[in-house]
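The values are calculated or read from the model by the stated rules, or taken from the named source; none is laboratory data. None of these values were measured; they are calculated from a predicted model. So basically every Cβ, Gly included, is an ideal-geometry build from the backbone, and we count neighbours across all protein chains shown. All accessible areas refer to the heavy atoms of the entire protein, side chains included, with ligands and DNA or RNA removed. Shrake-Rupley method; radii C 1.70, N 1.55, O 1.52, S 1.80 Å.
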Amino acid sequence: MTTGTTTPYRSRRRPGRAGFPQLLRAEWTKFRTVRGWVLAMTAAAVVIVSFGLIFATGSHSSCGNGTVEVACPTPPTGPGGELVDDRFYFVHQSLTGDGGITVRLTSMTGIITYPPPNHDKIVSGLVPWAKAGVIVKDGTRQGSAYAAMMVTADHGVRMQYDYTHDTAGRPGRVSAAAPRWLRLNRSGDTLTGYESADGTQWTQVGTTHLPRLPATVQIGLFVASPNDLTVEQSALGGSVGQARYTQATAVFDHVGLRGTTPGGQWSRDEIGAHGQTDWERYHRPSGVRESGGGYTVTGDGDIAPRTDGSPIERTLIGMLAGLIVMIVVAVMFMTAEYRRGLIHTTLIASPRRGRMLAAKAVVIGLVSFVAGVAATAITVPSGTRILRRGGEFPFPVSSLTELRVIVGTAALLAVAAVLALALGALFRRSVAAIITAIAVIVVPYVLAFASVLPDDVTRWLLRLTPAAGFAIQQSVPAYKQVIGNYAPSAGYYPLAPWAGFAVLCAYAALALGLAAHRLRRRGS
Amino acid sequence: MEATIEVSGLRKRFGSTVALDGMSFTVRPGQVTGFVGPNGAGKSTTMRVVLGLDAADEGRALVGGRPFWSLRNPLSHVGALLDAAALQPSRTARNHLLWLAHSQGLTARRVDEVIEQVGLRTAKRRRAGGYSLGMRQRLGIAAALLGDPPVLMLDEPFNGLDLDGIVWIRGFLRSLATEGRAVLVSSHLMSELQDIAGHIVVVGRGRVLADASVADLIAAASRDRVTLRTTARSEAMTALAHAGATVAATDRDTLTVSGLAAEHIVAALGARAVPFSEVTAHRATLEEAYMDLTRDAVQFAAPGPEAAR
């Protein structure tokens, strides 16, 4: 026997450290040394950028002025930078310094042109957000700052200011039997709205500070009536929105002004005057009639944020193709190990399997994030600029929101890649994992976007599936005070941006947990 | 900490198949230990259990006195070559070693050292997918050597090698053992281990059939065997079979006889007047020793040339 005499081998090298950082580095080396994966990730980023820029370059809007094609007028933006509608009939006087206005509303009626089901006649009626009341506004320019107290058709008394802000007061419709008194006071830059049923008992509805208001403002009566929007579900799913002209007429009396020049003359303006409809031409134009101390004001339009248009995330049209490529790479990054039996080498080098999986997830997540953020940081700002140059008006958003869209989309790609990797570890087969990943992440989104299913179904899909994560891209909120087609296909998600993203993260965490559990049971 | 592999009482079932049935042995430093047995005897499963890839139902396996999973830098404790084909084909050989090195906190310089050691320097920047089987075996050995471990485990490293490769690998393993490393080499062919193994663990049906030095094994297999040289082979076989011996023809004029002492053989042949030129005590080969030990353990055996007629 030789055993007794042999000196066991002892390496003279210092063993290296083999902790989590080393594991991360090993997985990164694994990733970067397969040229196909690196190229595919690069291609995914290039696809996102090029699709986005091609889409933006190809989008053109022009407006006709008679037979001449002219650049479209720039839509007004509100004090917050958002695109707004600012069209209404305004009866006003100048007010310098502090003051206020008090009115009584006794009637509110209107017409709706050609509503469903038959679209064949003009009927009397009001759309839910038809509004009439008193307003203090920074001049007559569209998009200027304002505060208003109003009665609406179906949403009772409201105080609204600067387009996006809305406070509810007493519910109920106005009529001769149930009149509404409204009062709006200005004191410095503070505006306070009150309502009353009888002109003696007043209730404060809301108050706000509007420091942008100049010393001299316009104060007076207004009426607006937004288009009547109906969204019809088509037989094949999806929805078609239709907007119809409407008009509202309100009767004001007991008009009391405070702080204006005594005996001042009323000015009349159709703010944002636009092409006249036949109804206005032949039946009743917007305007005001005075009779016996009362005023009957007729108007159309709306004072509200715009909800139809292109959000900036439209420029990320190539993101879906990029996402699919990233899913494939992420799955392969895992399943290639099983396919070749390389997983054994990996597990011998790092016997703590959960850590190995974590290292892989971190690497694929970071790689996808970096590729994604490189693509979105180019696509969103450049694409938006190109869209503007082409006469499109994507919704302006705050830089924080733009950053959220850029970084959030990259994070969405990263977490989707991690989910795909985890599915790869669960299934251990490329095809099954890729199909599953696409089925749970991409397909619900495509169904929602293509609107082939009823909107309610897609809303649930976008709540419950990993595709909820796409909500992180929504840059424009839905406003409850504006009836819009807030369908998923129009870019409105049922969950708030970070809530939707959290759903995707939860799925990724769940899949990773299951994969780690399966990996820890020996026999791989 | 001793440079050894210790396996004791390993049992494992895959469904109704018993893969390991109380496998126990120890691999000692300073020599090559052959791990031999027919396909399905449990060699690979044992190695996988030692490396923590499979969990045994019972028993324990230690590397340097510790379970594999508890090792912080596993590759500096044990190097393993399980499947030389387990490579990402589009990755170069050097990059394959590089990620392994990075996982252990080792540098690219160590990678180049082991590449040099196994003679792959000129091919290190080629894709591993284009490697011949022999080159892959060398690459697998390079990977096993990365952490400069005192224990090496190689599963069928001779598979698919040409003669040059076999000669190289034998010399290489012998030199590794001479440095004091414990080297466990599995094979289903005893002949491959003939000149390098100092110790043999023979397994069959998940159990150790023999665990002995090569010298002891050959001595045991030689016992009671007699080599008979005769020109009348078939007559001799008939005569000896009648006398109760087991006879195997090993050559045109050579028979190996067991179960009958030399003097009885001479008497039996004399009684029937069968001519013979030589009767000597048999010096068994390792191969024969192995065949003896595993005859019962082979699960799907075809009738071999040694079977008595």
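Treating r as the C-beta distance of B:W69 and A:S11 and R0 as 22 Å, the FRET efficiency rounds to 0.55. Taking every Cα-Cα distance in segment A:84-305 and sorting them into 10 Å bins from zero, the calculated P(r) comes out as 8, 35, 36, 15, 5, 1, 0 percent. A simple packing score, the average count of other Cβ atoms within 10 Å per residue, orders the peptides A:181-193, A:201-213 as A:181-193, A:201-213, with the highest score first.
Averaged over peptide B:92-103, the number of partner chain Cβ atoms lying within 10 Å of each residue's Cβ comes to 6. Mean separation of Cα pairs under 8 Å and 6 or more residues apart, divided by the residue count, gives segment B:5-213 a relative contact order of 34 percent. Residue pairs exceeding 28 angstrom between C-alpha atoms, taken from A:K30/B:K43; A:K360/B:K124; A:K137/A:K480: A:K30/B:K43. Here segment A:84-305 is assigned +1 on the Cβ of each Lys and Arg and -1 on the Cβ of each Asp and Glu. Its dipole about the Cα centre then comes out at about 400 debye. When you count the other C-beta atoms within 10 angstrom of each residue and take the mean per peptide, A:321-332, A:23-34 line up highest first as A:321-332, A:23-34.
Electrostatic bookkeeping for B:L20 treats Lys and Arg as +1 and Asp and Glu as -1; over the other residues with beta carbon under 11 Å from its beta carbon, the sum is +3. Highest mean packing first, where packing is the average number of other Cβ atoms within 10 Å per residue, the peptides B:201-209, B:239-247, A:288-296 line up as B:201-209, B:239-247, A:288-296.
In this structure, A:R339 and A:S50 have a Cβ-Cβ separation that, at R0 = 22 Å, corresponds to a calculated FRET efficiency of about 0.10.
Within chain A, the cysteines lacking any other cysteine Cβ closer than 4.7 Å to their own Cβ are A:C505.
The B:S175 and B:R223 beta-carbon pair, evaluated with R₀ = 22 Å, returns a calculated FRET efficiency of approximately 0.10. Ordered from highest to lowest accessible area with the whole protein assembly present and a 1.4 Å probe, B:W69, B:W99 read as B:W69, B:W99.
Close amide H pairs (under 5 Å, H built 1.01 Å from N) link A:G110 with A:G125, A:T249, residues at least 5 positions away or on another chain.
Positive end of the dipole of segment A:84-305 (Cβ unit charges, origin at the Cα centre): among A:G293, A:A132, A:Y161, the Cα lying farthest that way belongs to A:G293. Close amide H partners of B:M153, meaning residues 5 or more places away or on another chain with modelled amide H under 5 Å apart, are B:G79, B:A80, B:L81, B:L184.
Anisotropy class assigned to segment B:182-265 is prolate, per the alpha carbon gyration tensor with a/c at or over the 1.5 cut-off and a/b larger than b/c. For segment A:122-129, 3J(HN,Hα) computed residue by residue from phi via the Karplus equation (6.51, -1.76, 1.60; θ = phi - 60°) reads 9, 10, 8, x, 10, 7, x, 9 Hz, glycine and proline entered as x.
Candidate membrane-span-like segments in chain B, meaning DSSP H helices with Cα atoms spread over at least 15 Å of their own axis and a Kyte-Doolittle mean of 0.5 or above, are B:133-145, B:163-178, B:262-272, with no membrane implied. The mean count of C-beta atoms from other chains within 10 Å of the C-beta of residues in B:28-39, rounded to a whole number, is 2.
Rounded, prolate or oblate: which fits segment B:54-212, taking a ≥ b ≥ c as square roots of the Cα gyration tensor eigenvalues, rounded meaning a/c under 1.5, else prolate when a/b beats b/c? Oblate is the answer for segment B:54-212, as a/c is 1.5 or above yet b/c matches or exceeds a/b. Roughly to the nearest percent, how much of the accessible area of chain B is carbon and sulfur, given a 1.4 Å probe? Here carbon and sulfur together make up 50 percent of the probe-accessible area.
Roughly how many Å is it from the Cα centre of segment B:66-131 to that of segment A:254-324, as a whole number? Cα centroid to Cα centroid, the span is 73 Å. Among the residues of A:27-38, the average count of other protein chain beta-carbon atoms within 10 Å of the residue beta-carbon is 4. The label-point distance for A:K121 and A:R141, in a model that sets each label 7 Å from Cα toward Cβ, rounds to 4.6 nm.
Across segment A:330-340, coupling constants 3J(HN,Hα) worked out from phi with the 6.51/-1.76/1.60 Karplus curve, θ = phi - 60°, read 4, 5, 4, 4, 8, 6, 4, 5, 6, 4, 9 Hz, and Gly and Pro carry x. Helical runs (DSSP H, four residues minimum) scored at -39500 (n - 2.57) apiece and divided by the length of chain A put the mean residue ellipticity at 222 nm at -12000 deg cm²/dmol.
Computed 3J(HN,Hα) for segment A:473-483, one whole-Hz value per residue from the Karplus formula 6.51 cos²θ - 1.76 cosθ + 1.60 where θ = phi - 60°, is 8, 5, 9, 10, x, 7, 10, 6, 8, 10, 7, glycine and proline marked x. For chain A, the residue among A:F449, A:T384, A:G500 whose Cα projects farthest onto the positive side of the dipole built from Cβ charges is A:G500.
For segment A:455-524, what does the alpha-carbon gyration tensor say about shape, rounded, prolate or oblate, given a ≥ b ≥ c as the root eigenvalues, a/c under 1.5 as rounded, and a/b over b/c as prolate? Because a/c hits 1.5 or more and a/b exceeds b/c, segment A:455-524 counts as prolate. Dimensions of chain A from C-alpha coordinates, computed as largest minus smallest value along each principal axis and given longest first, are 126, 48, 41 Å.
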